[in-house]
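The values are calculated or read from the model by the stated rules, or taken from the named source; none is laboratory data. On a predicted model such as this, the values are computed, not experimentally measured, just so you know. Neighbour counts run over all protein chains shown; Cβ positions are idealised from the backbone, glycine included. Ligands, DNA and RNA are stripped out before the accessible areas are found, and what is left, the full protein with its side chains, is counted by its heavy atoms. Shrake-Rupley method; radii C 1.70, N 1.55, O 1.52, S 1.80 Å.
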Amino acid sequence: PVRRTKYYLRPAGFLLRSHIPWRKALYGNVVIGMMQGVLMFLPQILLYHVLKQEDLVGYLSAVLSGLSIAVSYVFSRLARSESVRRYILLTSLGYMFGALLLLLDLTLFTVIGFMVLHTICNPIKSNAFDAYFYKLIGTLPMKGKLRTEAMVVRELCWSVGRIAVVLLLIVLADDLSAPWLPWVIILTSAVQFVLLFFVKKERSPAVRNARG
């Protein structure tokens, strides 16, 4: 017999109103979606703008992809679950510095500097916040039955953030020479600091053990 799969969308909506850490985590996913919207297509366009050759863009994109994989691997080995806020702070500073480079001018140095910083910061911030989000799912009621719903709602929050930034780019910076382009990226990078308010402070294991 075929088993019927139940989805608990109504309880998920109730948790959005009553479970404050859960609601903040979803707001955080909207913020992450905003940065995803910037990184979705803009890096390749910027690279082509300064390199002028598609093959060079492809080679450099491959190198940056390898760097991203390496950073993710090292982070998975060395990261600590109680340091999520620290990782978010450091990566947000990296985002801001990279965005400020574009404010100087769109040159090979500034664009590659922006790309390298974002390639390093993105997997660290995303993996750190995802680990916090998954841990939070484990604290929800119904004994883990809301995991699928949580993933669906997270994807929805990502999409909201992506669409918001893409629309902002279309309205304010419809081409690479638009003066508002660096400011849109700087604004999106600055918003990443808001993630600090959406992540609950966690004590280190040593502090928890000392207090009992």
Problem set entry | Length-normalised contact order for the range 54-124 - Cα pairs under 8 Å, 6+ apart - percent | 44 percent
Problem set entry | Å² of accessible area per residue within the range 36-164, as computed with a 1.4 Å probe and no ligands counted | 54 Å²
Problem set entry | Stokes-Einstein D (µm²/s) once Rh is taken as the Kirkwood radius of the range 24-140 over alpha-carbon pairs, at 4 °C in 1.567 mPa s | 85 µm²/s
Seminar exercise, completed: Under a 1.4 Å probe, counting only protein heavy atoms, His49 has an accessible area in Å², nearest 10, of 70 Å²
Exercise. What are the radius of gyration and Dmax of the range 73-165, computed over its Cα atoms and given in Å?
Worked result: 16.4, 53
Exercise. Which one of Leu101, Thr119, Ser72 has its Cα pushed farthest toward the positive end of the charge dipole of the range 52-161, where Lys and Arg give +1 and Asp and Glu give -1 at the Cβ?
Worked result: Ser72
Exercise. Which ³J(HN,Hα) values, rounded to whole Hz and listed in residue order, are derived for the range 122-131 from phi using the Karplus coefficients 6.51, -1.76 and 1.60 in 6.51 cos²θ - 1.76 cosθ + 1.60 with θ = phi - 60°, glycine and proline given as x?
Worked result: 4, x, 5, 5, 5, 5, 5, 6, 4, 4
Exercise. Do any trypsin sites (Lys or Arg not before Pro) in the range 28-108 lie in a loop, going by DSSP, with at most 15 other beta-carbon atoms within 10 Å of their beta carbon, and if so which?
Worked result: Lys52, Arg80
